[in-house]
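**Student:** First the structure, which I've put down as structure tokens, then a few questions once you've had a look.
The values are calculated or read from the model by the stated rules, or taken from the named source; none is laboratory data. Nothing here was measured: the structure is a model prediction, and the numbers come from that model. Heads up, the Cβs are rebuilt from the backbone with ideal geometry, glycines too, and the neighbour counts pull from every protein chain shown. Heavy atoms of the whole protein, side chains included, go into the accessibility calculation; ligands, DNA and RNA do not. Shrake-Rupley method; radii C 1.70, N 1.55, O 1.52, S 1.80 Å.
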Amino acid sequence: MTVKKPVPCSLYDIQGIQEWLDEMALQGLFLEEFTRQKDRAVFRTGDPKPLRYRLDPVGKSKNKDKDREEPYAQMGWKFVDWIPQWYYIFSSDNPEAPELYTDPQSLSVSMDHMIRRKIKTYISISLLWFFLIALLIFISSHSFLLNLLLWGYPQDLFYMILLPIITVIAALILAVNIRRILKIRNTLAQGLPLKAKKRWNRPLMLVIWLPIYILLLVVPRLILPSSRWETFSPENAALSHQWPTIAQLEAVAPSPLEQEPEADGYVRVNTSPFAPVQEFTYYHPLRVPQYPTDFSTTIHYIQASSPKTARWIYQLTLEERADQLKQWQKPTYVSHITDLDPFAPQSWPGLDRLEVASFRAGGQRGWTFAALRGQDILLVSYRTLSRWEDCLPLFLEALDREIIPQSTSIN
Amino acid sequence: MAGREKGPLTEPMYYVLMSFLRREMCGTEIAEFVEHKTAGRVSLGPGTLYTLLAKFQDEALIAETGVDGRKRTYQITHKGRQAFQEELNRLRSCVEDGLSSLDGG
């Protein structure tokens, strides 16, 4: 019959593990193996008897280590199991057999390879992890900074901030472990025997790690919303500005519409403390004869807390939209665009910045402009026959007439 | 040229090197030699013995001369003899210093 027991000491505590295994033997539990996770040991039950268990640090070559089994056995020490990357475990029931290591210095020498390998592994893991985090930050820096300012996805923001903090903490823990193992080696090199450390209570470890896990991974999900965007139907959304309608925009086109088409759409609002955002998308699903496809307009309006913040958000939003337009050129994209003429700066009286991109979508011409005026950022995408130069004044007029919004969420 | 640059030998190191002065030896023979030579005062555990043999090989103080199955034999090198001689001289000086101090010198 076998019994599984949690290992009550750290793998750095050589003396602690040895003493624990010796005690288990006196209770009739004889080590069979350590689990793959190295946190539990499997014991075979039998009649209690005194047995010495000793740890032999893993050496440079597995083959050379294997060669030691026979001479060890001749000197009274039988191989039991090994803990990969750490130790071979030998046991002896012969009280006459000399200790596996009869002097601390030779055990210190024996630990050299294991220590070097551990340091190399820890440094490699740390560098790889730092590289991955740096890559992640580099790739998502735009969306991260926008998220930081617009506060649209608090959970993502929390984890993006948490990740580097955890990385630093993990690196510190690895550094502490390296220091710990070097200290053990130095103690032995001075000829001093090792002392067993205080054993831990496994449930106590659960008491420590479980709350940390809950605090970092569960609580944020319960407290922080995944998205702060609220969605409204156009009727229920009281927008801060009365943006031009499709008929108004098409009035400046070569073939003006006779009446306002029935439009459908939605409004998304994010009340960021730095820069509240309103995104109004409306479209006319029924085709009008003179147009090859339906209308689709998206008005993205951000009112930043200051002109400086606005300039920052404007640049980030512009770059994000430029990337999106590039992505939309892929034929696999549902509403892919062609003939993209990327964002180019334009000058317009009263605007701090203006950039315009044009494209074709579904056989119809379209354009996107990004405009910055003081604290206001306006990003408009429209598939139309109208020219952006004719539509822009309508939006600027609307921008001058601010109204106090009061919305009812449809979420 | 110094035989060993890494400081004084520990007692087990000293006796392991000593065991090779007359002839080639394998691990178990070394353990028996040390036990016998020191009248049981110094005993070598297998971990200690094979760790020291590997270390001496790395430092070129001994060289492997034969492998018979898993039994390996070694002999001392010129560098190993020098290292042993240096340690012997050091110990001799220590003993002489101690004795002369006792004699009131």
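**Student:** List, in order, the whole-Hz ³J(HN,Hα) value for each residue of the range A:38-46 obtained from phi through the Karplus relation with A = 6.51, B = -1.76, C = 1.60 and θ = phi - 60°; use x for Gly and Pro.
**Tutor:** With the stated coefficients, the range A:38-46 comes to 6, 10, 9, 10, 9, 10, 9, 8, x Hz.
**Student:** Give the accessible surface of the range A:289-383 per residue, rounded to a whole number of Å², with probe radius 1.4 Å and ligands, DNA and RNA excluded.
**Tutor:** Accessible surface, normalised per residue, equals 47 Å².
**Student:** Which listed residue (B:52, A:182, A:82) has the Cα farthest towards the positive end of the charge dipole for the protein assembly as shown, taking +1 on Lys and Arg C-beta and -1 on Asp and Glu C-beta about the Cα centre?
**Tutor:** The residue sitting farthest along the positive end of the dipole is B:52.
**Student:** Apply the Karplus parameterisation 6.51 cos²θ - 1.76 cosθ + 1.60, with θ equal to phi minus 60°, to every residue of the range A:113-119 and state each ³J(HN,Hα) to the nearest whole Hz, in sequence, with x for glycine and proline.
**Tutor:** Karplus values, whole Hz, x for Gly and Pro: 5, 4, 5, 4, 5, 5, 4.
**Student:** Moving on. May I ask you to list the trypsin sites (Lys or Arg not before Pro) in the range B:1-99 that are in a DSSP loop and have at most 16 other Cβ atoms within 10 Å of their Cβ?
**Tutor:** B:6, B:22, B:23, B:41, B:70
**Student:** Right, next: Give me the angle, in degrees from 0 to 90, between the Cα long axis of helix A:388-400 and the longest principal axis of the Cα atoms of chain A, rounded to the nearest 10.
**Tutor:** The angle comes out at about 80 degrees.
**Student:** Continuing with the same structure: Roughly speaking, what is the centre-to-centre gap between the range A:164-241 and the range B:31-54 when only Cα atoms are used, to the nearest Å?
**Tutor:** Using only Cα atoms, the two centres lie 47 Å from each other.
**Student:** Taking all pairs of distinct Cα atoms, average 1/r, flip it, and tell me the Kirkwood hydrodynamic radius of the range A:230-400 in Å to one decimal place.
**Tutor:** 16.5
**Student:** Angle between the Cα long axis of helix A:141-150 and the longest principal axis of chain A, 0 to 90 degrees, nearest 10?
**Tutor:** Rounded to the nearest ten degrees, it is 70.
**Student:** Separate question: Of all GluC sites (Glu not before Pro) in the range B:27-105, which ones are in loop regions per DSSP and have a Cβ with at most 16 other Cβ atoms within 10 Å?
**Tutor:** Loop-located and lightly packed - B:59.
**Student:** Now a separate question. To test your reading of the geometry: what angle, between 0 and 90 degrees and rounded to tens, separates the Cα axis of helix A:14-26 from the longest principal axis of chain A?
**Tutor:** Helix A:14-26 sits at roughly 60 degrees to that axis.
**Student:** Still on this model: When only Cα pairs under 8 Å and 6 or more residues apart are kept, what is the percent relative contact order across chain B?
**Tutor:** Dividing the mean separation by the residue count of chain B yields 34 percent.
**Student:** In whole Hz, what ³J(HN,Hα) sequence does the range B:65-78 give by Karplus (6.51, -1.76, 1.60; θ = phi - 60°), x for Gly and Pro?
**Tutor:** Taking θ as phi minus 60°, the curve returns 10, x, 10, 10, x, 9, 8, 10, 10, 9, 9, 7, 9, 4 Hz for the range B:65-78.
**Student:** As an exercise, identify the trypsin sites (Lys or Arg not before Pro) in the range A:7-55 lying in DSSP coil whose Cβ has no more than 13 other Cβ atoms within 10 Å.
**Tutor:** Sites meeting the loop and neighbour criteria: A:36, A:38.
**Student:** Still on this structure, I have one more. Compare A:349, A:256, A:273 in a GNM of chain A, Cα atoms joined below 10 Å, and give the one with the largest fluctuation.
**Tutor:** Answer for the Gaussian network model of chain A: A:349.
**Student:** Please average, across the residues of A:68-75, the number of beta carbons from any other chain that are within 10 Å of each residue's own beta carbon, and give a whole number.
**Tutor:** For this peptide, the per-residue mean of nearby foreign Cβ atoms is 6.
**Student:** Taking the Cα atoms of the range A:104-223, what is the range of coordinates along each of the three principal axes, in descending order and whole Å?
**Tutor:** Its Cα atoms span 62, 34, 15 Å along the three principal axes.
**Student:** How many angstrom lie between the C-alpha centres of the range A:1-40 and the range A:88-154?
**Tutor:** 23
**Student:** If Lys and Arg each add +1 and Asp and Glu each add -1, what is the summed charge of the other residues whose beta carbon sits under 14 Å from the beta carbon of residue A:69?
**Tutor:** Here the charged neighbours net out to +4.
**Student:** Between B and A, buried accessible area summed over both sides at probe 1.4 Å, in Å² to the nearest 100?
**Tutor:** 1700
**Student:** For A:94-101, what's the mean count of beta carbons from other chains sitting within 10 Å of each residue's beta carbon?
**Tutor:** 4
**Student:** Using a 1.4 Å probe on the protein chains only, how many percent of the accessible area of chain A belongs to carbon and sulfur?
**Tutor:** 59
**Student:** Output the direction-averaged projected area (hull surface divided by four) of the convex hull of the alpha-carbon atoms of chain B, in nm².
**Tutor:** 7.6
**Student:** Put +1 on the Cβ of each Lys and Arg and -1 on the Cβ of each Asp and Glu in the range A:104-223; which of A:151, A:131, A:121 then has its Cα farthest toward the positive end of the dipole?
**Tutor:** A:121
**Student:** Related question: Cut-off 10 angstrom, C-alpha nodes, Gaussian network model of chain A. Which of A:258, A:32, A:279 fluctuates the most?
**Tutor:** Largest GNM mean-square fluctuation: A:258.
**Student:** Related question: How many times 2.2 N^0.38 Å is the alpha carbon radius of gyration of the protein assembly as shown?
**Tutor:** Here the Cα radius of gyration is 1.64 times the empirical estimate.
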